[in-house]
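Below: the structure, in structure tokens.
Derivation of every value follows stated rules applied to the coordinates shown; laboratory data play no part. Keep in mind that this is a model prediction, so the values were computed, not measured. A quick note on method: Cβ atoms are made from the backbone with ideal geometry, for glycine too, and the neighbour counts reach across all protein chains shown.
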């Protein structure tokens with residue numbers, strides 16, 4: 001949506017994104033209709049500098065001092081409006097490209113406020129202002145990252161796509177994130193088609209999206225991922241945190257069904273309760289680390305140097321400092337190669353933690369080596385084109 005078509009807070013939100021700034025707004029006395037008008041800004045990707053993600057925060061409630069400012073239904077109205085334009089809730093969403101098109105609700109206990117975080121779909125701003133390189137009046141120079149996991153998954157053949165998912169998205173969480181990203185891409189393509197039928201002009205970014213991706217191909221991949229996701233739950237292929245999330249979700253559904261007395265609701269509740277018991281009975285799994293042996297060797301060597309130099313007292317010798325620096329760079333590369341697609345720092349660290357030496361501080365640096373959007377790391381093990389991605393070298397070995 002062009003900036004000149006927006007007004008009020010929606011225009012402020014677009015301006016903040018265009019400046020590459022996350023910001024926060026209080027939706028004081030906002031009605032359902034006002035939420036829908038605000039969320040119209042998210043129907044099309046927002047232009048940001050370099051296509052970088054921004055975190056946009058909307059205060060929708062709070063403690064006693066704020067209760068008169070917000071309707072009790074405001075969180076429901078805002079999240080409902082976001083869902084209506086294709087956004088999905090992701091409690092683990094963060095300010096990364098992999099969270100584009102998602103939102104999450106958070107109770108900020110420190111400030112005693114309730115916030116809806118929105119991570120919009122974005123496109124890159126072309127040029128310093130005015131018109132983009134191709135003369136687009138919004139200043140949006142459309143660009144698609146052809147090395148990104150989402151691009152590779154959207155354009156690859158189905159067989160290659162399935163191989164890439166197996167190699168780069170082995171976990172239930174990663175598959176769900178990928179499915180959500182593909183759904184959002186499909187929803188944007190549907191919006192492009194709606195605008196074309198209505199004889200509305202597409203922005204440069206929308207036109208590029210429409211010319212690059214095939215809605216039906218993406219829908220088939222979304223459906224296949226859905227089967228894989230359900231199968232992992234049925235087979236008990238869940239990590240401890242994933243199993244807890246699944247069990248919590250089932251419990252919430254069971255509690256909701258318990259409020260209904262119809263035979264259909266009773267049968268559904270009994271079936272879900274049985275399914276929940278089956279999930280709870282299966283042990284949690286741990287996805288292996290692809291470069292585990294090499295990482296352990298690097299961390300052991302780092303420990304050796306640090307312990308030896310600590311025993312001498314004083315400053316580290318130049319030769320030891322050089323060797324340690326070389327090992328730290330190797331660690332950074334290996335950690336990057338271990339990261340799967342759409343895997344957060346916390347999730348990668350959960351896999352790496354058991355490998356880290358407990359003595360001497362070896363491997364102090366956390367899982368920070370990563371590519372754009374939580375994708376392939378700088379070491380190149382997860383990067384490259386579809387063929388390289390399908391061969392693996394990322395999350396599991």
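Note on residue 76 and residue 33: the model spin-label points, each 7 Å out from Cα along the C-beta direction, lie 2.0 nm apart.
Placing a label point 7 Å from the Cα of residue 294 along the Cα-to-Cβ line, the residues of the range 309-340 whose backbone N sits under 17 Å from it are 326-340.
Packing order of peptides 161-169, 23-31, 77-85, highest average first: 161-169, 77-85, 23-31 (average count of other Cβ atoms within 10 Å over each peptide's residues). Here the range 3-125 carries DSSP beta bridges of which approximately 55% are antiparallel, counting only pairs with both residues inside.
Using 0.36 nm per residue and subtracting the Cα-Cα separation, the extra length available between residue 323 and residue 95 on full extension is 78.6 nm.
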